[in-house]
Structures are given as structure tokens and as C-alpha cells.
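The values are calculated or read from the model by the stated rules, or taken from the named source; none is laboratory data. Keep in mind that this is a model prediction, so the values were computed, not measured. No Cβ is skipped: glycine too gets one built from the backbone with ideal geometry, and neighbour counts run over all protein chains shown.
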Amino acid sequence: MRQLFATLALLLGSFSLASPAQDLFDQASFYLEFYYNGPATLNLKELTARYQSALDRACAPQKDTCPYEQAVPIIEQMLGELNDNHTYYLSPEELRGSQESRQGNAPSRTLRIGVSHLPIPGSRDRLIVDVVEGGPADEAGLAYGDRIIAINGRPLSEFPDDNQVVQFLTQSVQSGRPVVLTILRGPERQRLEVTLTGREINLARFPSLKIRPDGVGVLKIPNFDAQGQVGRRVHELVREAQQKNVRALVLELRGNSGGLLNEMILTAAAFLDDAYVALVDRYQTERTEFRIRDGRLTIIRNGQTESANLPFLARWRGPLVVLIDGNTASGGEYLASAIQRAKVGPLVGVATLGIGNTTTRPFNLINGGALSISYNRAFFADGTPYPPRAIPDFVVESSLEQLANTGRDLPFEKALEALGIKSAGR
Amino acid sequence: MALRHALLSGMAAFALVGSAVASPAQDLFDQATFLIGFYYNGPAKVPPFRELRRQYQPELDRLCASEGNRCGFDKAKQVIERIVRDIADPFTVLVTRDQLIDDERYGAGLGPAAPRVGVWVRELPQGLVVSEAFPGEPAYEAGLRRGDLITQIAGQPATLARLLAAEAARSPFSLSYSRQGVARTVTLSPRVAEATMQPRLEINNNVAYLRIYHLYSSDSYSTAQRVHEAARRAEQAGARGMVIDLRDALTGYDSEALLAAAAFTGTGGFIYDRRFQGLDETHTVENGKLYVQPEGAQKEEQNALERPYLARIPLVVLVNRHTYNSAEMLAYFLQAAGRAKVVGEPTAGALGMSGSAEGPLINGDFIAVSSLRMRNLDGSPFPLKVSPDVVVEDDLEALVAGRDPVLERALEMLR
């Protein structure tokens, strides 16, 4: 032993110090090669070797002092080849942002009205595709599908390009003064003027319930990010829907970007008698089962069982339909697949993104960022794997262009039809 | 010719399988060598992970020669244990999941998860010397005390292995011991220890004696908080001096050691130094509050004691070769601040090292890697062990004879 150690010490003389970029790349490559458990079938050793050459080229002028920044784009490109939305790089800022939304507290730090909007082909108008719960836009009643045609009385058609439209809207909001938006809404193309004022808002997302005049409830879950706050909230809203005699529920999972498994499984328990998922890593070192049944959460980790009563659970037993789209990802896909499998409600829309059978685990990197890697595969109670995508029972293709031009939300109309309710506009 | 050709193609096919699918042993080896070689920042000279793999791969290949890609975890574990031995740094060791679960229980103020009779012992040819009998546990309740010599367990000569096996069996067993020549036999029923490993204060002849077993903490329990309370009680009782006994003490959390020391030093701190740039972290304590400042960021309060105390009472700290890691740190903080004299043996040698348990490794174990080197606030490195001001070796024969020369020396110093 002592002898061997002397050899080690001798060899040390010949080691060259790795540059920071090389260290970062080594760390990212190891975690990727060793733990990756996603669908990509690339040869990972070959992949990292190829990008090592790219790093060597990028670092050639600096050698031992080559900084982290040189390695980051190379790592990002390398991960891009996997084409797996559960395997990605997070910069230190992005990592902080994701930690904030986990806590349910992501201050916007600037004045916002809380909408996402997209350009409309062939027009300068903007289409609202998302509204942050509790923000000024939400309070003013702006909704998915509303088309903005003028800001402060100035028609958007006057603007030379889309960028200037966005800039004008941002500046108007940032001014802190009231902003008047002119919008077109619904199939009737109802023209409305809405006044709202930007303020600092919480960008963390939470479930919401909107009850339509026809008695249908729309329960929207944008993501499962906020720890301890999403699942609970869903059960509160389901109880509210029951108290208000909502006749049917549309579960809006379009655009749901996933989040924490705990929150997803808690949410699933609002619709299923037996909410279950088992997670297994590539080496089957850890097997974790989550189950909520009869008001009790049980977690079995490598044979060790922990359980807790969940007194706040509600259970929706009325008519249910689930809306999904190509942006429904991860936890959103798990939930849709589990509901479909239990046959408690049909899925309407288009097939989901395709990461509904893995979980991602972040590994901290030495530059303060993180590498999130497809780490676990997910299984149902009978051992069948979760499917990568949720496939709708009723396929309804929709385009934003069509929504913007006709004001008709076809998947939503189909959802009402599936519930046996005549569509009466929005 | 045809036969030879067939053989060759058969071999080629086999080789292809071999390169595409690594054995479990190879995977475990790759994982552990990365975690050690990449993160190691301790005092030993450990090469970068690729070099580490190159050096030990032949040994793995030798062990796996007959098993090929079915070579199991046990073979890789042998090589990893060899690497850990060669590094010879007491902090860098394999850790089982059960040990981590016990650590968590200590943090909650409890004893280990497995039932026990509640003694720490040292092996001698004639039996097991009790170095600690935990008040409130079965052995203590049956009358066993520090210094007793356990001679028989369930009718067989007493060995550590037999004691552990009897405890693990979870049913009552007989235990014979002698105290200065007087033999006794008792029946003990192992049980899970609750609060018996929290710090324990006694005051005898106007001198306070504080036994500390570990430095773990959690949201619901803090060893440091207990140390502050003990310091207050000792002074309020008018004790003229205090002995802090850290002999055989387990590790815990470094910041907990710092907070505990603050009951006597008021302030202090250390720097965690990683192998990588920009990741240092400074921990300081002030008014019972722990602050953490990552390199290039603001310092933030991380933890605060209730009613922190600052004791002026003269202090002697007892250590031995088993006083380990965070417990060494507590002794060091008190000694370096000129607040205590240290009596006993040089400590285990994991004083300036830290890091988390990496893993799980794919065989379910974890590995503690010295990824953090510790420095004083002025930038000077921590020594590797605590050097006592007064060296007094553990003397098991004297202990069996009813004497404790280390404690006696400490009491003399407080006189």
C-alpha cells in the first residue's frame, strides 16, 4: 500500500492542471454519460468525445486558463443533439429562477400586466395565449384567445413591424400609467376596451378555476412548480366547484410545463381513486413509489415506507374532460395519461410533447449552473411504463392563426361537445 | 479454415457485446472514481479522475477476468476500498445508507435506528471495556458503567462481533461483567435509543462535566443549542470550571461545531475551499447567529440559536484518537481561540476536511469525499488534527482498574 502510494505521488508530477472549461465539461459529460436514462439512443461516449474535440478547438488559444464560458455553449450544443426536453443546461440565473418558482415566489422585478402574447401571421395584432393568475390582465378579465388590435388607441396595424409593437406595449406598461387595450373576443368578434396598469407581479403560476355562465368549470393548471402549493390548491378548487354545483369540469392542461412530481400526484388524487407512479433510475439503485389512495399518501423508497394522511383531499366525480396540446409536458403528460388510463375522462386536443415517461434531475455544476438530466423512468402500478406522450381520444388540431382570426377555440368546443354540452361561445 | 473463421467471428461478436455493455463492476468503478477524482480536495495527493481510473483499472480487470460483463458490484467495491485505503484520509470513506439514516436520527436528537443496549466499548484480550454507558439505556439501567469489563455475552467470551450480533437479534441476552474483580451477570433487552445521545451535563464537586457525543442538528433539534444551555446552567450553578468530553465523539455538521464553540468564544468562523474557482464559502458566527457567505455574494443568516450564551468559565476539553471530524473542529475552535486547554491524544486526523456523502453509488452505498478543505478566516489552513496541550494517552487497563487518567489530569488543571 505504501509502495503504491509512492508511485501515485511520483506520477503526480506529470499531471497538467485542467482548465476551468475542461473541468466543467468533464463534470457535465460524466453526469450525462453515466445517468442519462431518456429516450435518446445516441452513443453518449461518442457524443462527448466529439464535443471534447470542439472544446479543444475553442480553448486552443487559452489552454489552462480557458474559462467556464467557453464550455457552456459547447455543452448546450451537445445536449441539443439528444433532442430531449428533460435534458438541458441551466445557467446560474436560470437555476435561481427555477428555485424561486419552486417556492411559489418569482417576483417579476419590473412592472407587468401578466400576459403572454404571440404575433399573428399576416397582421401586426397580438394574440393572448396565457394570462398570469392574479395579475392585472387576469383582474381585468383578459383571456386566452383575445386579440389585441390597439394600444392606447393606436391601431397596431400602423406599426412597421412586430418588434415595435412589443416595444410599444412594454414601454406603455413600464410607464406605470394606465394602458388601454382594444381587443376582439370570441366568435362574435366582440370589440372591448380594457384599461389596466402594470405592477410588480408574482410570475409563479398557480391553479385557477373559472366558472362559465353555462355552469361548466374550467380548472387550469399551468404547471406543478410551486412546492406544497399546487396540489393543495387543486383540491380547494375542486371543493369550490362542488359547492358551486359546477355541472362538468374541463381540466385545462394545454401548455402545462410540468414541475414537481409530488404536486402532480396530489393533483391526480383529485380525479383518481388510486393515484400512482413508480420511478426507477437507470441502474435500479433507487425505486420510489408514490401512491395516494383512501386519503393517504404512501411513499415507498427502496422498501422503506413513509405515509401520511391528507385531510384536505377532495375528489371530483362529475363529468370531466382534459385539454392537452403539443406544449403539455412532463407532469402534465403524466396526469393526462393517468386520467385516460383510469377512464375517468377523455383527452381532447393533440398529442403532447413527449417527455411523459421520464423525470429530470438537476446536478449542480461547478460554474453555479446545473445540468438537468432524464434520470428516472415512470411506471404504473401494474408495472407498465407511462407512455412518452398522451394521445388524445378526440384529436382536434388547432392553429393560433385560426384562433386569432375566428375567435373559435376548437379544442375547447370539442371538449364541451364531449361533455354533452352545446357550445354557447365563451 | 472454416472452423477458424467461425471462431473468429464468434469472438468478434463477443467483443462487441463486451464493449457495448459494461459490467456492473465497471459502472460502479467508473462512478466512484469520478466522484473521488473530480471532487477530491483533501490533503492526500489524488490524481484527476481519468488518471485515477487508469491506475486502478488493471486491478479491476484482474478481479473481473473470469466474469467479463457479468462482473458484480463486490469486485468493484474491493477496488474502491483499496483506493480509499491508499488515499489514507480518514474523511474519504464508503458510507452505507443505514449510516446516513443514523446520522439523520442523530440530527433529530435520537439514537441510531437499530436496537442496542447502549454501550460504547473497546476490545481487550480479556473482554470489552465499557468506554461509555448511555444513561437511560438498558445497560446503564442494569447497572453497567464506564470502566466495567464485559467478559461474557450469552455464555460466550465477549467480543465486539458477539455484542453486535446479540443486539441485532433483538431478543434478551445475558451479559457478564466485572468491576474491579467483582463479577456480575445481567439480562439485557436491546431497544432503540431515544434522546440518550444528546449532550449530557453533570456537576460534581463544583466542576461541570459536559459529555458531547456528536454535532448533528436538524430543524427540530440542535446540539449547539444544548451546549449553550449547558454552559448557562453550569455558570448559574456556580461551577468553577468545565470539562467538555469529546473522546470517541462522532462527527456532525461543521457549522454546528462552530455554533457550539460560540458558547465559549462568542465569535468565530471558517472558510470552505473547493478545488474549483469561485465556489468558496465563509461561515461565521456572531451573537448565536450563523452566517454563510458564498464567494462573490452577500452573507446571509442561515441559522440562529435561541438565547445564545457566552460562558467565561475555565474550560478543559478531552479528546482521543477517535474524536472525529466536526468533534475535532469543536476542540480546535476552543483551543485556537485560547479559550480551552486540550488534554488527551492527538485526534483522528479529519479536522480540516469536509464534504457531503456523494451518491447513491449504484450498489446503494455512498461515498464521503473530502471535497472541501477548511481554512481559518485569515486564510491559514486548518491543521489535520488537534494536538493536545497536555498529551495523556487512553489507558484501558487503568480504566478497568477504576481510574480515568485523562479526566483526572483535566480536573487537576481546573483546580
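Report whether or not B:LEU377 is over 30 Å from B:ILE101 (Cα atoms), more than 14 Å from chain A (Cβ to nearest Cβ) and in a loop (DSSP other than H, G, I, E, B). Lay out the reasoning, then the answer.
Details: over 30 Å from B:ILE101 (Cα atoms): yes; more than 14 Å from chain A (Cβ to nearest Cβ): yes; in a loop (DSSP other than H, G, I, E, B): yes.
So B:LEU377 passes the test.
Give A:ALA28, A:ALA54, A:ALA58 a once-over and let me know the one that is within 14 Å of chain B (Cβ to nearest Cβ), assigned to a helix (DSSP H, G or I) and aliphatic (A, V, I, L, M). Before the answer, list the steps.
Values: A:ALA54 fails: within 14 Å of chain B (Cβ to nearest Cβ); A:ALA58 fails: within 14 Å of chain B (Cβ to nearest Cβ).
The unique qualifying residue is A:ALA28.
Residues that are within 20 Å of the chain's Cα centre (by Cα) and surrounded by fewer than 24 Cβ atoms within 10 Å (Cβ to Cβ) within the stretch A:341-355 comprise A:VAL350, A:ALA351, A:LEU353, A:GLY354, listed in sequence order.
If a residue counts only when it is crowded, with 24+ Cβ neighbours inside 10 Å, which strands (runs of 3 or more DSSP E) contained entirely in the stretch B:194-247 have at least 1 such residues?
Values: elements: B:200-204, B:207-211, B:241-245.
The qualifying strands (runs of 3 or more DSSP E) are B:207-211, B:241-245.
Here the condition is being surrounded by 18 or more Cβ atoms within 10 Å (Cβ to Cβ), modelled with pLDDT of 95 or more and of a type in the set (A, V, I, L, M, F, W, C); of A:ILE201, A:ILE211, it holds for A:ILE201 alone. Per the conditions (1) of a type in the set (Asp, Glu); (2) away from every other protein chain (no Cβ under 14 Å); (3) in contact (Cβ under 8 Å) with a residue 12 or more places away in the chain; (4) surrounded by fewer than 19 Cβ atoms within 10 Å (Cβ to Cβ), the sole criterion not satisfied by B:GLU295 is (2).
Any residue at all in the stretch B:277-289 that's in contact with an Asp or Glu (Cβ under 6 Å, 6 or more places away or on another chain), part of a loop (DSSP other than H, G, I, E, B) and within 25 Å of B:LEU100 (Cα to Cα)? If you could, list the steps in order and put the result at the bottom.
Within the stretch B:277-289, the subset in contact with an Asp or Glu (Cβ under 6 Å, 6 or more places away or on another chain) is B:278, B:280, B:289.
Those still in the list that are part of a loop (DSSP other than H, G, I, E, B) too: B:278, B:280.
Cutting the leftovers down to within 25 Å of B:LEU100 (Cα to Cα) gives us none.
The answer is no, given that none of the residues of the stretch B:277-289 is in contact with an Asp or Glu (Cβ under 6 Å, 6 or more places away or on another chain), part of a loop (DSSP other than H, G, I, E, B) and within 25 Å of B:LEU100 (Cα to Cα).
Taken over the stretch A:35-86, the residue count meeting the criterion of being of a type in the set (Phe, Trp, Tyr) and closer than 20 Å to A:ILE355 by Cβ is 2. Meeting the requirement of 3 or more residues that are in contact with a helix residue (DSSP H, G or I) (Cβ under 8 Å, 6 or more places away or on another chain) and away from every other protein chain (no Cβ under 14 Å), the strands (runs of 3 or more DSSP E) wholly within the stretch B:51-147 are B:119-124, B:127-133. Listed by position, the strands (runs of 3 or more DSSP E) contained in the stretch A:290-373 that have at least 2 residues being hydrophobic (A, V, I, L, M, F, W, C) and away from chain B (no Cβ under 14 Å) are A:296-301, A:320-324, A:347-349.
You will find that of B:ALA25, B:ALA32, the residue that is within 13 Å of chain A (Cβ to nearest Cβ), farther than 16 Å from A:GLN27 by Cα, part of a helix (DSSP H, G or I) and modelled with pLDDT of 95 or more is B:ALA25 and no other.
Considering only the stretch A:35-51, state which residues are under 30 Å from A:PRO385 (Cα atoms) and either free of Cβ contacts under 8 Å to residues at least 12 places away in the same chain or part of a loop (DSSP other than H, G, I, E, B) (or both). Across the stretch A:35-51, the qualifying residues are A:TYR36, A:ASN37, A:GLY38, A:PRO39, A:ALA40, A:THR41, A:LEU42, A:ASN43, A:GLU46.
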